[in-house]
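First up is the structure itself, then whatever we jot down about it.
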Amino acid sequence: MKKRDLANEPQGLERPLPSEGTGTWGSDAIADVIRALDIPYVALNPGSSYRGLHDSLVNKLGNEKPQMLLCLHEEAAVAIAHGWSKVTDKPMLAIVHANVGLMHATMAVYNAWCDRAPLILLGANGPADATKRRPWIDWIHTTRDNAGIIRNYIKWDDQPTSVGAAYESILRAHKIAATTPRGPTYVVLDVGLQEQKLDAPPPLPDAKRFLPAAPVGPTPDLAEQAARRLLEAERPLILMGRVSRSEAAWAERVKLAEALGAVVLTDLKLAASFPTDHPLLGAPPGTFLGGAGAELIRQADAILVLDWVDTAGTLKSAFKGDVGATVINVSLDQHLHNGWSMDYQGLPPVDLQIMADTDPTVSAMNAALAKLGARKKAAWPGRKPVVWQQVAMGDAAGPIAVPMLAVAMQKALEGKTIALIRHPLSWAGHLWPVKHPLDFLGSDGGGGVGSGPGTSVGAALAVRGTGRLPVAILGDGDFMMGSSAFWTAVHYRVPLLVVVANNRSFYNDELHQERMARERGRPVENKWIGQQMKDPEMDLAMIARGLGATGFGPVTRLGDLGSTLEKAVKAASERQVVVVDVRVEPGYDPASSAAITRAPGA
Ligand SMILES: Cc1ncc(C[n+]2csc(CCOP(=O)(O)OP(=O)(O)O)c2C)c(N)n1
Ligand SMILES: [Mg+2]
């Protein structure tokens, strides 16, 4: 067969030859219900346990709606679905092979779970009927309880035993994943069920009648109570946590803060929630609560918490003892809490609990405030504007520190509309302004390193064609653990700019060794052992090129950074997948001031 010229096909679509096969199979019917979900992509790594479904997706559906995205590791497949939801607030599909594929996928499922990100994972098992199992392989890839290894960090799972039950199961998996609080769901498809020949499949249900519920708002009474308490407060403060990517909801949050004259804090672990150039922003966002944020919380007399990730921890770091302020907590998160993982964080003291989604609650509070005649209230008396730390740049011939990289990137990206997908822990909130819900997409959720490449590719896929240039800044450790995801981006023509803040180390943990050494009176000089990746030095640009991407670098001198980034931005704007290896020096601070910022305690 003639080699396909994928570059001239839209979006790298792999179009199969028309199928002349006869008959209808269990997996054909399952593929039809998958199509009814109206999800454009399914990320996967293949396996014989779902060869039936794989065949149906290619030969029954023609590899469209959903289109397959071949991934080189299951962790990447799930991370891509996770990244997709960061832009769309909606679930994508991923499929993994029985036992081993699922085992590879687990960390990415946990990240999505902690990030409250919806995705629908499909897996396989069996045949459940032991008499139908092929010798050896079907036995090592069959379990009694396939979903058991991820059940503690998904919302729901099922293993249907008929086609009709599989319809229901897949519709339910979608409904549950996409209903707030969102999260991953998992459906295991038995090999026997997939490969069973059907006389006639049961009629397909009307998927429109099984849709997820719209985000739920508070009762008008609760919204009014909350609005009144905040309006009566002298120093109200809002902790903007998990919110949607909607522009309208963004405007509503700004309106609410202005109506209350409330000081706003945002979280660097989460996607953009409030403009950083707004005068009501209280402090630059951080991964942990910084000193300025803590001081504001201490001064506040009423705090509106909009699904903040760690309310108890945040209040504890501000107040130490009793929390003086009135706390109004808007969150549905409690619905997801279970006894396995402690990702629910500490139990915060709450004076008014609103079990509702943040977007409709903010709108309802705005409506209540309008009824109360509140328009715009002045900010707290005596409040000082945010002090944005200046980044000190070094000599052109000298090394590069992360803050300098941020400055150089902003310059190279001037005039472009971008989506900053993520950044490493060494990033700080003062380094990147956000003015739109897609300006920053947050972190991994579960702190699982290696997710950066996959989530970046998934988010880049979701912004493809919108005019936004997707940009990700990754640590070298993160890059190396997950780099195979970039092949998928190249293969399916998903433009993306990746800048690696390459300190040739799992540096975050060098800091932990440093802390241990100091505490125990041992040589700090030994902190690099078992942490640094310097002998040999890895050529990340070459690794990128090996995956079919465009590689630049290593850039080692500050003076070379601007011109290299300019070339990289140009290449990414021309729809390439681009990786720039930027060697950064974690301990380097030209001003010997606080120019190098690092999240404390990470
Ligand atoms: C799967 C996983 N393994 C180990 C860790 C512990 N850990 C946290 S940050 C970090 C270092 C990551 O290195 P890199 O991406 O290069 O970022 P850097 O800290 O060097 O900026 C490690 C190993 C983790 N969070 N997740
Ligand atoms: Mg590193």
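The numbers here are math on the coordinates, done by the rules we state, and not lab data. It should be emphasised that the depicted structure is a prediction, and the values quoted were computed from it without experimental measurement. Heads up, the Cβs are rebuilt from the backbone with ideal geometry, glycines too, and the neighbour counts pull from every protein chain shown.
Converting phi to 3J(HN,Hα) with the Karplus coefficients 6.51, -1.76 and 1.60 and the offset θ = phi - 60°, region 546-552 yields x, 8, x, 8, 9, x, 10 Hz in sequence order, with x at every glycine or proline. In whole angstrom, the chain maps to an equivalent ellipsoid with semi-axes of 40, 32, 22, each derived as √(5λ) from the alpha carbon gyration tensor and ordered largest first. For Leu119, the residues whose amide H sits under 5 Å from its own are Gly183, Thr185, ignoring neighbours fewer than 5 places away on the same chain, with H placed 1.01 Å from N. Give the aspartates and glutamates whose C-alpha is closer than 15 Å to that of Lys384, dropping any in the same chain fewer than 8 places away, or say none. Once the sequence-local aspartates and glutamates are set aside, what remains near Lys384 is Asp277, Glu295.
Residues whose amide H lies under 5 Å from that of Met68, counting only those 5 or more places away or on a different chain, are Val42; hydrogens are built 1.01 Å from N in the peptide plane. For Val555, nonlocal amide neighbours, meaning residues 5 or more places apart or on other chains whose placed amide H falls under 5 Å from its own, are Asp581, Val582, Arg583. Dividing the summed helix terms, -39500 (n - 2.57) for each DSSP H run of n ≥ 4, by the number of residues in the chain produces a 222 nm estimate of -10000 deg cm²/dmol to the nearest 500. The slack between Ser48 and Glu64, meaning 0.36 nm per residue of separation minus the straight C-alpha distance, is 3.6 nm. Work through the residues other than Ala302 whose Cβ is under 14 Å from its Cβ and net out their charges, Lys, Arg +1 and Asp, Glu -1. My count for the surroundings of Ala302 gives +1. In order along region 297-314, the Karplus-derived 3J(HN,Hα) couplings, from 6.51 cos²θ - 1.76 cosθ + 1.60 at θ = phi - 60°, round to 5, 4, 7, 5, 9, 8, 10, 9, 9, 9, 6, 6, 5, 9, 5, 4, x, 5 Hz, and Gly and Pro are given as x. In this Cβ point-charge picture (+1 for Lys and Arg, -1 for Asp and Glu), the chain has a dipole of about 700 debye about its Cα centre.
With the highest mean first, a sort of the peptides 402-412, 328-338, 509-519 on other beta-carbon atoms found within 10 angstrom per residue produces 402-412, 328-338, 509-519.
Legend: residue pairs Lys534/Lys570; Lys269/Lys320; Lys86/Lys269, Cα-Cα distance threshold 20 Å; pairs beyond threshold, Lys534/Lys570; Lys269/Lys320.
Ranked by the mean number of other Cβ atoms within 10 Å of their residues, highest first, the peptides 496-502, 16-22 come out as 496-502, 16-22.
Scoring 222-228, 523-529 by mean Cβ neighbours within 10 Å over their residues and listing the highest first yields 222-228, 523-529.
A simple spin-label model places pseudo-atoms 7 Å from Cα toward Cβ; at Gln334 and Asp277 they are separated by 4.0 nm. Rounded to the nearest Hz, the phi-derived 3J(HN,Hα) couplings of region 384-399 under the Karplus curve 6.51 cos²θ - 1.76 cosθ + 1.60 (θ = phi - 60°) are 9, x, 4, 9, 8, 4, 7, 8, 8, 8, x, 6, 4, 8, x, x, where x marks glycine and proline.
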